[in-house]
Amino acid sequence: MLRVDVITIFPGLFGPFLEEAFVEIARRRGVLEVAVHNLRDWTVDRHRTVDDAPYGGGPGMVLKPEPLVAAIEALAGEKGGARRARVILFSPQGGRLDQHRVATLARAPHLVLVCGRYEGIDQRVIEIAVDEEISIGDYVLSGGELPAMALIEAMTRLLPGVLGNPESTCTESFEGGLLEGPHYTRPASFRGRSVPEVLRSGDHAAVARWRADAARKTTRDRRPDLPSGRDTEDAAGKPPKRREREEQ
Ligand code: 4HQ
C-alpha cells in the first residue's frame, strides 16, 4: 500500500486525473491512496496568504515558509524525527526522474509531494522539511502539479495487481534501459503499408526474436545514451551492421 499526500494551491487540477484509468483502479484495489491538500488550509491570516515578494527584489512571488512547513510537518512529521514519509519537492534543481527512481519511490510506504508555484519556494523550507528534490526534465513549468501527476502515474503502473498482465510492465520502455520497437494492429495493410510478415506468422519464437532485435535497433539509433543503446548484438549474435546505423 502506497500512501501519497499532495500539497498544492490548485487541488482542483488533480480531480479528473485521480478518477480515471489505472490510478482509479489502484485506489479501488487498495494499493494506492492519494489525498490532495490545499496549502491555504495551513494559513492563519484572513486572506489565506501563501506567497510574498522575494528578498533582493526581482519579478514574481515566492511561497512563504510558514504555511508550507506547517503543512509538510502535519502530513509527514518532523524531518530527522520518527518521520516515515519521504518528502519530495518538484524543482528544476532536482535530480532527473527516471524509471529506476520511480520504481524505488513506488516501494515507499508514504510520500508527501510538494508542488511549488510562482518563482519557487523559500529555501529554508527545503532545508528544514524536504528530503529530496526531483525534476521531470529541463524545461520550465509554472508549478509542480504536472510533475506530481507524472510521478503518481508512473508509480501506479508498478503497484501490484494494477496492470492485469504483469509481463507488460517489464517488456515496456526503460525497464532494462531498452526502448520498444514498433507496434501494429489491424488492418494488415494500411495505405499500402504492410505489417511485417513475421508478426502474422504465428511463430512465437520468431516474433520474440524480431521484437528483441527491433527494440535493440530503436534504442541504438534513437537513444545511444541509454545503457542498452551501445555496442549491442542482434538476436543471431552478429554485431550491428554499419548500414543499420544510417537507417531511419
Ligand atoms: N518547476 N520538473 C515548480 C519545474 C519542474 C520541472 C518550475 C517546478 C516551477 C514552481 N518541476 N516551480 N521541470 O519546471 O519538476
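One residue is enough: does segment 117-125 have a residue meeting the conditions part of a helix (DSSP H, G or I), of a type in the set (V, I, T), within 15 Å of the ligand (Cβ to nearest atom) and over 20 Å from the mean Cα position of the chain (by Cα)?
yes
Would you confirm whether or not segment 84-96 contains a residue that is surrounded by 14 or more Cβ atoms within 10 Å (Cβ to Cβ), within 16 Å of the ligand (Cβ to nearest atom), modelled with pLDDT of 95 or more and not in a strand (DSSP E or B)?
no
Which pairs have Cβ atoms under 9 Å, sit 6 or more apart or on different chains, and link a residue in segment 89-117 that is more than 13 Å from D131 (Cα to Cα) and acidic (D, E) to one that is within 13 Å of the ligand (Cβ to nearest atom) and outside any strand (DSSP E or B)?
none
State all residues of segment 97-116 that are within 13 Å of the ligand (Cβ to nearest atom), within 18 Å of A70 (Cα to Cα) and not in a loop (DSSP other than H, G, I, E, B); if no residue qualifies, say none.
Hits for segment 97-116 are L113, V114.
When only residues in segment 141-184 that are more than 16 Å from the ligand (Cβ to nearest atom), closer than 22 Å to V4 by Cα and assigned to a helix (DSSP H, G or I) count, which is modelled with the lowest pLDDT?
T169
Write out, first by first residue and then by second, each pair whose Cβ atoms fall under 7 Å of each other, whose residues are 6+ apart or on separate chains, and whose first residue, in segment 130-157, is free of Cβ contacts under 8 Å to residues at least 40 places away in the same chain while the second is within 12 Å of the ligand (Cβ to nearest atom) and assigned to a strand (DSSP E or B).
Sorted first by the residue in segment 130-157, then by its partner, the pairs are S142/R117.
From (1) away from the ligand (no atom under 12 Å from the Cβ); (2) part of a loop (DSSP other than H, G, I, E, B); (3) touching a residue at least 24 places away in the same chain (Cβ under 8 Å), pick out the condition that doesn't hold for A70.
Looking at each condition in turn, A70 falls short on (2).
The values are calculated or read from the model by the stated rules, or taken from the named source; none is laboratory data. The shown structure was predicted, so the numbers you read here are calculated from the model rather than taken from an experiment. Neighbour counts are summed over all protein chains in view; Cβ atoms, including those assigned to glycine, are modelled from backbone coordinates with ideal geometry.
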